[in-house]
Amino acid sequence: MRVRFELEYPLKCSPRVLFPRISTADGLAEWFADDVTADGDLFTFVWNRVPSTARLTHFRENRAVRFKWADEEIASEDNWFEFRLTSEELSDDVALIISDSCEEEEKDDTVSLWDTEVQRLKTALGL
């Protein structure tokens with residue numbers, strides 16, 4: 001059974017700097033996948049020379065993007081992931097919130113994978 005979860009990562013970075021890293025092929029290729037290409041709203045993510053395709057289904061400038069997996073073997077109505085940015089007006093602190101889902105027994109491994117990917121993002125941002 002799939003479970004949906006959210007992870008929050010505080011980042012000392014402007015949304016204008018961070019948003020291109022979560023919403024463009026070049027930005028995502030810096031930290032999220034080995035390679036990323038985009039053809040309109042269709043993104044191809046490559047890990048270990050294996051491509052997976054997702055459609056950009058939601059885009060809100062400097063706020064949020066959502067990708068829904070399009071590959072037949074993993075596509076389903078609830079198989080999507082989302083990146084959202086939140087900021088505290090008083091402190092200007094920014095947090096990246098990741099929404100994802102996985103099989104219940106894979107949750108620990110999936111969270112660990114996201115932790116590693118966000119660490120790569122921090123390195124790409126110079127944080």
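Considering only residues that are among the hydroxyl-bearing types (Ser, Thr, Tyr) and surrounded by 15 or more Cβ atoms within 10 Å (Cβ to Cβ), look in segment 88-127 and name the one that is nearest to the chain's Cα centre (by Cα).
Selected residue: Ser99.
Looking at segment 17-28, which of the residues that are surrounded by fewer than 18 Cβ atoms within 10 Å (Cβ to Cβ) and more than 11 Å from the chain's Cα centre (by Cα) is farthest from Phe67 (Cα to Cα)?
Selected residue: Val17.
Could you check, for segment 68-84, whether at least one of its residues is of a type in the set (D, E, K, R) and within 19 Å of Ser14 (Cβ to Cβ)?
yes
Take Arg84 and tell me if it is among the charged types (D, E, K, R), modelled with pLDDT of 95 or more and out of contact with any strand residue (DSSP E or B) (no Cβ under 8 Å at 6 or more places or on another chain).
The answer is no for Arg84.
Give me the strands (runs of 3 or more DSSP E) completely within segment 17-127, filtered to those with at least 2 residues that are within 26 Å of Val3 (Cβ to Cβ), ordered by residue number.
Values: elements: 35-39, 42-47, 50-60, 64-69, 80-87, 94-103.
Passing ranges, in order: 42-47, 50-60, 64-69, 80-87, 94-103.
Can you tell me which of (1) of a type in the set (S, T, N, Q); (2) loosely packed, with under 12 Cβ neighbours inside 10 Å; (3) in contact (Cβ under 8 Å) with a residue 60 or more places away in the chain is the one Ser14 doesn't meet?
Unmet for Ser14, out of (1) of a type in the set (S, T, N, Q); (2) loosely packed, with under 12 Cβ neighbours inside 10 Å; (3) in contact (Cβ under 8 Å) with a residue 60 or more places away in the chain: (2).
Here are the criteria: (1) in a helix (DSSP H, G or I); (2) closer than 20 Å to Thr116 by Cα. Tell me which single one Glu6 does not satisfy.
Here Glu6 clears every test but (1).
The values are calculated or read from the model by the stated rules, or taken from the named source; none is laboratory data. What you are looking at is a predicted structure, and each value in this text was computed from that prediction instead of being measured. Glycine gets a Cβ as well: all are built from the backbone with ideal geometry, and neighbour counts include every protein chain shown.
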